[in-house]
Structure formats: structure tokens, C-alpha cells
């Protein structure tokens, strides 16, 4: 490909060692996801190839609309990508399928759109069947492509999608193609699918959920997003295939060691969506130790490269590991303190005490303590899930987003219980004092957002059934409006509003001591 500028596509993953320097300007131009792919290519890590449409192009499109020059640029980049890979969009014998993902300069997990399996046609699906002799894989991939296009590009309603899902379960390929092609027409031209998907990703910058997240995080609306166009790798393939997310340290506590979730024969959003029960990373070690070891080595390399706790999205396609993204991991305040101290005290990292203080300074005033049980021994545990975001908090039960918002406006602390959360739920999540989900793991959307906002959370509480009028546990209804307590450090859901004690976070006290010795005065209240 031609030498890139920040007004035209930037390629990655084709084996070249990128000449682009990695610094904040690269992130601001290509977004965090795009910059990480360029950097992982430079480090020689296994990255599916592709190209990035820079953030500047998104700003042009949002301000002045889609122009012919944008389409010409994308068609040219796709042609060069096809030539480099030796595969073609729309081909039945050697098809190229793509993902189109958003990527802002600041992490906004799940708030903007992604379109997977772009370029799918009935002929391509037949080609996938011929190549793998696995009808489940071909049918599942066609179904996912149709769903993704319908939801993101055609903006089909959730009700319509659910109705179609109930009526047309994925089965044999011909039935799946017939059902979904009839329900939601895929654009016949695969290049047009790519262009439509890029436009949808750009416009997702202004979705209400993205705007609400930026409001909470105090992110300017002027930034915009890049679009990352990348060769699909298939975690839903037969054989040793799957997808997952791994953190180099525990994002809840900061403890050193890999932690994460994965799913076999799955794709992209399955793990983070929180709709399925995921497998822990220890299961990956047991099933496929060689792949787990390769992932661990890559994680160590990236943590030392970025000098920070990192989270990594990965896909395994028939025994081959691919890295799709790496970034500084979202973490709880407690984890932020511990990671900063541990890195500053580890001679293998170039993080000194001044840098550790800088990373935590914004947390010291309000987040240097944690809330724990008062050890009275009178707590009644109703259910237990996964401890996703530390802290104990009491509040009135809500299961509806609007009800949670209304209660918060009235000054009530709210515990929001949902089967799972989606990015569209952020308005209610932002008003909650605590969060419960019955599905999902430690890398689900609910867990990631709760940790980054410092909201105690329990996820994967499978003994709880969320109903319209409350939650059911072992046949007992706990009605909406009932006081309950959650402990995000233990995973417990407790009856009533129970006692808590404040305890200084040890690593926060270390940072405070370092700050006093460095600056010469304690933190002002």
C-alpha cells in the first residue's frame, strides 16, 4: 500500500514493521484500537491484517456528509488489501470477509457500533461450507452477518430482531440463508456493504448511548472515531477455535496475573455481551495449553511495552492465535492504586513514584477508601455471583432503567438488577449505586463499565431470576423498591440494608505517603 497519511487509510498486519512512531499523536489520529494494531504489527505479534480510516475522515463526514472522494479512497484500499491477501470480496472459492469496528482516541467500551462478517452473500456462505465442510460454521457466519447488518446498518428494531430470531433458528445453511435473506436483505454488492458499514460506524459516534458515556466520562464530543477494517478471523470455526478477553492483572483488585474469559466456537461480541456463561482462562490453559502459553507471552510483552496493565481481545481460529486489540485496561480505583504501586516497585518497569502518583492523583480525594462488611455476622446472603467491581453498597432494588433513573432523581440509592447490560443501558447504569447481572463474566460489558465508574457490581449471579416486579431467588420474590445490599468484593447479594465499614486501601495510603514526600504536603480535603 502507498505511504499513509492521517487523511487516508493506514495499513497494519501485513508483516511490515510500521515506520509510524507510537505516541499520543498516533492514538489521536487513528484511535486507540487502530494505534494498537499498528503497534502490535511493529512488535511482530499475530494481527489479522487490515487498514484504518483515520479520525479526521470521520469528522469530515459528520460535518459535511459522505463524499465521492471517501468512497474512492475505500475502494482503492480494498483493492490493495485483496491483492495483498490473495482473496476477494464476494468470491465463492477464496472469499474475504471483514470486520468494521469503531475506535476513538479514548476508550468507550461498547458505546459505538461494530459490524462483523461484512461482505457476506449466499454465494460466499456456500464457499465457506465448501472450504470447511462444516454446515454449522457456514450457517452461523451467514446468520451473524445478516444480524449485524440488520441491527447496525439497517437499524432494525430490537423487537424485530428478536421476532426473527425466534422464528428462524440457525440450522442448515439453505434454511438459514432463505430465512434471513427474506427477513433482512443483505446488499448484494459486498463492497457496498463495507462502505455502508463504515458510514454506520462513523455515525455511531453520535448515538445517545455514546453521548451519555462521554457526558459521564467528561469526553469532548468533538473527537470522532476511526474505522478499523480488518480481515475476519473465525472463532466460530470447527477445531480449536474461540474468542476471549484477557487482562494482565485483575481489573477489580490489581493483583498480578492473567485473568479473563473465553468461549469456544464463538465470535467477537459473544464474550463481552454478557449473554452467555463464559469459561475462565484456566479452562483455556487446560484445553489448549500451547495456545494459552502463546497468549501469556504476548500479554507479558504488551504489558512491558505499554508499561501498564493491559487488556487484550483475542481470537483463536483452528489452532492459530490472533490479537484484535490491546489497550490500557479499565480498572476499579482499588486496582488503579495497586497497579501503580506494583509497577513503581518492580525494577522491570520504567514507572517511578512520580508517575505512579500522576496516574492516581485524580482518585486520591474520593476513592482512597473501600466499603466492606462490618463483621457483625448478621448478614443474610441471598445469592452469590462473580465479584466484578469491589465495594459494598445498599439501595432500593430496581429492574427497569427508567425506574432506576427516577429513583436516583428522588435522591434514592439504587441497586439495578438486569439479566445483562448493553451499551444502551448506560443511562440507568450511570444512576445506579450498585449493579447485579444474572449472566456474563468478569469481562462483560456490565463488569467493565462498573469498574471504570467505581460502581460495586456482582455479575453472573445465576441463582437470580429478573422479573418485571423484582427478582426471584429460590422461589422467593424480592419486590422492586425493597432495600438490598451487594458486595462487589465477595460477589454476595444480601438481604436488607446492612452495615458497612470504611477501610483505607493500602496501596492508596502508599501513594499518599509518596505524594507527601514528593510534593511536601498532604492532599487537601
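Every residue, every condition in (1) free of Cβ contacts under 8 Å to residues at least 24 places away in the same chain; (2) more than 21 Å from the chain's Cα centre (by Cα), yes or no:
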| site | (1), (2) |
| --- | --- |
| 289 | yes, yes |
| 297 | yes, yes |
| 303 | no, no |
| 308 | no, no |
| 315 | no, no |
| 320 | no, yes |
| 324 | no, no |
Filter result for the condition that a residue is in the same structural domain as residue 209 (by TED's automatic domain parsing) and on the phi < 0 side of the Ramachandran plot, over 128, 96: 96
Filter result for residue 201 (under 17 Å from the mean Cα position of the chain (by Cα) and closer than 29 Å to residue 304 by Cα): no
Output for region 90-121, where each listed residue is closer than 18 Å to residue 217 by Cα and over 12 Å from the mean Cα position of the chain (by Cα): 104, 105, 106
Criterion (surrounded by fewer than 19 Cβ atoms within 10 Å (Cβ to Cβ), at pLDDT 90 or above and outside any loop (DSSP other than H, G, I, E, B)) met by exactly one of 35, 29, 56: 56
Of all residues in region 417-434 being under 19 Å from residue 460 (Cα atoms) and in a loop (DSSP other than H, G, I, E, B), the one that is modelled with the lowest pLDDT: 422
Residue check for residue 41: part of a helix (DSSP H, G or I), assigned by TED's automatic domain parsing to the domain that holds residue 223, more than 16 Å from residue 7 (Cα to Cα) and in contact with a strand residue (DSSP E or B) (Cβ under 8 Å, 6 or more places away or on another chain): yes
Residues being surrounded by fewer than 22 Cβ atoms within 10 Å (Cβ to Cβ) and under 20 Å from residue 219 (Cβ atoms) - total across region 429-453: 4
Tabulated pairs, region 471-489, first free of Cβ contacts under 8 Å to residues at least 40 places away in the same chain, second assigned to a strand (DSSP E or B), C-beta under 7 angstrom, 6+ apart or interchain: 472/465; 477/470
Helices (runs of 4 or more DSSP H) contained in region 129-235 and holding at least 3 residues touching a residue at least 60 places away in the same chain (Cβ under 8 Å) and crowded, with 17+ Cβ neighbours inside 10 Å: 135-148, 190-203, 208-217
The listed residue being within 14 Å of residue 45 (Cα to Cα), surrounded by fewer than 20 Cβ atoms within 10 Å (Cβ to Cβ), out of contact with any helix residue (DSSP H, G or I) (no Cβ under 7 Å at 6 or more places or on another chain) and not assigned by TED's automatic domain parsing to the domain that holds residue 40, out of 294, 269, 283, 303: 294
Candidates 433, 404, 457, 417 - the one that is in contact with a strand residue (DSSP E or B) (Cβ under 9 Å, 6 or more places away or on another chain) and over 30 Å from residue 246 (Cβ atoms): 404
Candidate set: region 250-266, residues that are touching a residue at least 60 places away in the same chain (Cβ under 8 Å) and outside any loop (DSSP other than H, G, I, E, B); chosen: the one surrounded by the fewest Cβ atoms within 10 Å (Cβ to Cβ): 256
Total residues in region 385-412, condition within 26 Å of residue 334 (Cβ to Cβ) and surrounded by fewer than 18 Cβ atoms within 10 Å (Cβ to Cβ): 1
Any hit, region 475-491, residues being buried (at least 20 other Cβ atoms within 10 Å of the Cβ), in contact with a helix residue (DSSP H, G or I) (Cβ under 8 Å, 6 or more places away or on another chain) and part of a helix (DSSP H, G or I): no
Residue under evaluation residue 375, criteria (1) in a loop (DSSP other than H, G, I, E, B); (2) outside the structural domain of residue 464 (by TED's automatic domain parsing), criterion not met: (2)
Failed criterion for residue 438 (all others in (1) closer than 25 Å to residue 260 by Cα; (2) within 18 Å of the chain's Cα centre (by Cα) hold): (2)
Selection status of residue 195, at pLDDT 95 or above and over 19 Å from the mean Cα position of the chain (by Cα): yes
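The values are calculated or read from the model by the stated rules, or taken from the named source; none is laboratory data. Treat the numbers as computed from the prediction; the structure is a model and nothing was measured. FYI the Cβ positions are ideal-geometry reconstructions off the backbone, even for glycines, and counts take in every protein chain you see.
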